[in-house]
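Engineer: Below you'll find the structure I mean.
No value in this document is a laboratory result; all are computed from the given coordinates. Keep in mind it's a predicted model, so treat the numbers as computed, not measured. Cβ atoms come from the backbone with ideal geometry, glycine included; neighbour counts cover every protein chain shown.
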């Protein structure tokens, strides 16, 4: 018998503005790309997937795959390219895209910040700038008011929001590892940026609700279970516990309680953040099997050791480990919130691993639902190959292959598989 999912389950794909739209010249990442050595192979985002001009063509592909949901983001730097100057044509283009989704029966889930910042914000210090919190709140409220305008039938154009995508993972990459803009390294900077991020989430949450009282507003958290490489080693167990706290639960607990237990015991009160999740978005790709390594202070003394014989996706990206998703969905039940899998996927240019990856991860989702986790939807990353940040075009996540030079899409076999799952609301 097929494994069925709950009625009304959302089936979609996920995207971000910078990785898909192309030409985001007002973004800090556009400037970052121009610096030698920042992007693998010297790649550039360029037109990306050309969504700014032609997103609707990919929306039609979603319809053909029986999808009823899309997670996408808006680029703050497009909408406010200079402090205090709102770009009305950019706003209208976003609203046009959102109407296009509604007209096709696809529900939009809009992310307000997916890794990038306007260049004028970055020049003032980015997540270290005290003014980022009110500025982000003002941006969130203004776009929420615009997107709350009635669509056909009287419903808001968008009432389903994510404030920030993967805040902890992003800030680690930006301020500790230095792989993402602005490339600063240091625990003090990371901690300060972390506090600003929690405050900005809270301000944006309240701004969206002020614009749309009935809106659903949440966060997309990158959750990656950490286990010791050697369970008998006290140091491996210690570093696994610390990593689990920092990467997975520190930020979410702050949004639940208003208290942020920082990475090394420093505690902060953020009372305005308490209770600021209407749902939880889970981004899951893999687990961490970690060993303590004194030679890696810049990586929090962590060395990742996948087990011998593990199946690894393209480019050494990650171990394929579906059971980690089941573990994560069991753990998030403690927050008592509706759950959406807001990203799940792998780089697999040959598409030899992706079909099994999709089926096995969805089996774990179905099991979690049976065990009482209120999972309401699944967004595969991604519909088409996209610009993958510091890895450029080297990692291919798409159900459709993309040639960035010609913008030609070619369906991979997994596209038909995912389309059938979406159509039938069941695993074959």
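Engineer: With a Förster radius of 22 Å, plug the Cβ-Cβ distance of residue 4 and residue 394 into 1/(1 + (r/R0)^6) and report the FRET value to the nearest 0.05.
Structural biologist: Efficiency, from the Cβ-Cβ distance: 0.05.
Engineer: With each pseudo-label sitting 7 Å past Cα toward Cβ, what's the residue 53-residue 308 distance in nm, one decimal?
Structural biologist: According to this spin-label approximation, the distance is 5.4 nm.
Engineer: Hey, another quick one. May I ask you to work out the translational diffusion coefficient for the range 1-91 at 37 °C, viscosity 0.692 mPa s, via Stokes-Einstein with Rh from the Kirkwood sum over Cα pairs, reported in whole µm²/s?
Structural biologist: 212 µm²/s
Engineer: Using the 10 angstrom Cβ neighbour count as an exposure proxy, how do 33, 371 rank, fewest first?
Structural biologist: Ordered by Cβ neighbours within 10 Å, fewest first: 371, 33.
Engineer: Which order do 360, 75, 96 fall in if you start with the one that has the fewest other Cβ atoms within 10 Å?
Structural biologist: Final ranking by Cβ density, sparse to dense: 96, 360, 75.
Engineer: Please rank 359, 384, 339, fewest neighbouring Cβ atoms within 10 Å first, as an exposure proxy.
Structural biologist: Ascending number of Cβ neighbours within 10 Å: 359, 339, 384.
Engineer: Additional query: Using a 7 Å offset from the Cα along the Cα-to-Cβ direction at both residue 25 and residue 130, what is the distance between the two label points in nm, to one decimal?
Structural biologist: Modelled inter-label distance: 3.4 nm.
Engineer: Right, another one. Rounded to whole Å, give me the distance from the Cα center of the range 413-428 to that of the range 209-234.
Structural biologist: 27 Å
Engineer: While we're looking at this one, here's another question. What is the extension gain from residue 155 to residue 363, computed as 0.36 nm multiplied by their sequence separation minus the C-alpha to C-alpha distance, in nm to one decimal?
Structural biologist: Working it through step by step, the gained length comes to 71.5 nm.
Engineer: Still on this model: Expressed as a whole number of Å, what is the distance separating the alpha-carbon centroids of the range 154-195 and the range 70-98?
Structural biologist: Cα centres, the range 70-98 to the range 154-195: 19 Å.
Engineer: A follow-up question, please. Whole Å is fine, so just give me how far the alpha carbon centre of the range 305-345 lies from that of the range 1-68.
Structural biologist: 21 Å
Engineer: So I have (1) 65, 60, 36; (2) 60, 55, 44; (3) 64, 51, 46, and one of them is Cα extents along the principal axes in Å calculated from this model. Which one is it?
Structural biologist: Computed from the coordinates, Cα extents along the principal axes in Å corresponds to (2).
Engineer: Now, a different point. Would you mind putting 342-349, 83-90 in packing order, based on average other-beta-carbon counts within 10 Å, highest first?
Structural biologist: In decreasing order of mean packing, 342-349, 83-90 become 342-349, 83-90.
Engineer: Assuming R0 = 45 Å, what is the FRET efficiency of residue 96 and residue 323, from their Cβ-Cβ distance, to the nearest 0.05?
Structural biologist: 0.60
Engineer: While we're on this one: Report the gain in length on full extension from residue 294 to residue 416: 0.36 nm times residue separation, minus Cα-Cα distance, nm rounded to one decimal.
Structural biologist: Stretched fully, the residue 294-residue 416 segment lengthens by 39.2 nm.
Engineer: Which shape class applies to the range 291-428: rounded if a/c is under 1.5, otherwise prolate when a/b exceeds b/c and oblate if not, where a ≥ b ≥ c are the square roots of the Cα gyration tensor eigenvalues?
Structural biologist: It is oblate, given that a/c is not under 1.5 and a/b is not larger than b/c.
Engineer: By how many nm would the segment from residue 83 to residue 214 grow when fully extended, if each residue of separation counts as 0.36 nm and the alpha-carbon distance is taken off?
Structural biologist: That pair, residue 83 and residue 214, stretches by 44.2 nm at full extension.
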